[in-house]
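What follows is a short report on a single structure.
The values are calculated or read from the model by the stated rules, or taken from the named source; none is laboratory data. The shown structure was predicted, so the numbers you read here are calculated from the model rather than taken from an experiment. Reconstructed Cβ throughout: ideal geometry from the backbone, glycine too, with neighbour counts over all protein chains shown.
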């Protein structure tokens, strides 16, 4: 205990008795104080020790009751929203957007209006495995939802809503055997050369600018968000500086819409072939045409505003990845679903078929390490099969 002398014009000389007590449940020291007119003596100090201990019990009991009422009234949705608010300042806006989507999925696979106190490890495990096995969500996506679940529980523990989350942390996803359709889809994430020509011709016939953009992806291996974020200043002679991506969840004009790329390895400079340079020049020239004359000859287009981007709409805003997705939706080539990302896969497939070193490919496409490239792109192209046959036929025994 320590004692402080307090002097005031109204009450005169008084003495403030203070003590710290250890609260076992919170694991923290709690300070309590009381100011009285009694001068410090051994007998007074004994009395104040009893009074301060009573104050400590009253304070901790009141806080525990308040906390218990709070926990009893919390829904899982509220705890999940708190988690997102807590981490939002530490992650990119695009990551926050993904977390919000993950929370929506969690709420969908859990009972409506679930109270946080009623969530059990068995309930979470059943929901996550039902999502994977019965609702046929992919293993990778389901694993992301499970990781988000565990992150919410980590936040709940930090906030004091739950004491032990060990049983939640050990939950694992029980892998199911992939269906034939899923196996085919997994192995058909790229186009061979003939399929690429056919695909680009179909897209170009529908939308010339979109066709050229998809060809650019197939020649550079960029992510779609990286491509639409390109500005004229990113062209570095015969190379391209990749330093940004666009965040779809933010509106046009938002200063944070032009964001940093996916990871540190995504910052890169890539070499351009002549056709890629020609596509860039085509867009730069056509952008100037739209700025001066509009979409039709001799028609002014006051809507267009030059913002420095290369792959732009008639307003000068960069194309939306969502718009590109929608334009390609429903298109298939030999049963392969056409998305912007298939052209990135195609680029990597062609480099692998040409025996470009894996490390060089990883650096070009912005993978953090070569194992990512090997893990994702394990398919065998027809060119590889033909080459294997040639080697087998020429092998002497």
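Just a few scattered comments:
- When the stretch 227-239 is filtered for residues that are surrounded by 22 or more Cβ atoms within 10 Å (Cβ to Cβ) and more than 15 Å from residue 345 (Cβ to Cβ), the ones remaining, listed by number, are 228, 229, 230.
- Against the list (1) over 16 Å from the mean Cα position of the chain (by Cα); (2) surrounded by 14 or more Cβ atoms within 10 Å (Cβ to Cβ), the condition residue 65 fails is (2).
- Considering 264, 252, 286, the condition of being touching a residue at least 60 places away in the same chain (Cβ under 8 Å), surrounded by fewer than 17 Cβ atoms within 10 Å (Cβ to Cβ) and closer than 19 Å to residue 209 by Cα is satisfied by 286 alone.
- The residues listed here are 207, 164, 130; of these, the one that is in the same structural domain as residue 84 (by TED's automatic domain parsing), more than 24 Å from the chain's Cα centre (by Cα) and either on the phi < 0 side of the Ramachandran plot or at pLDDT 90 or above (or both) is 164.
- Where helices (runs of 4 or more DSSP H) sit wholly within the stretch 221-328, those with at least 2 residues that are farther than 23 Å from residue 372 by Cβ and either modelled with pLDDT of 85 or more or touching a helix residue (DSSP H, G or I) at 6+ places or on another chain (Cβ under 9 Å) (or both) occupy 274-293, 321-328.
- The residue of the stretch 344-356 that is surrounded by the most Cβ atoms within 10 Å (Cβ to Cβ), among those that are touching a helix residue (DSSP H, G or I) at 6+ places or on another chain (Cβ under 7 Å) and closer than 15 Å to residue 366 by Cβ, is 344.
- Boolean, residue 367 is surrounded by 14 or more Cβ atoms within 10 Å (Cβ to Cβ), in contact (Cβ under 8 Å) with a residue 40 or more places away in the chain and in a loop (DSSP other than H, G, I, E, B): yes
- Yes/no for residue 43 being more than 21 Å from the chain's Cα centre (by Cα) and at pLDDT 90 or above: yes
- Filter result for the condition that a residue is modelled with pLDDT of 90 or more, touching a helix residue (DSSP H, G or I) at 6+ places or on another chain (Cβ under 6 Å), surrounded by 16 or more Cβ atoms within 10 Å (Cβ to Cβ) and not in a helix (DSSP H, G or I), over 105, 32, 79: 32
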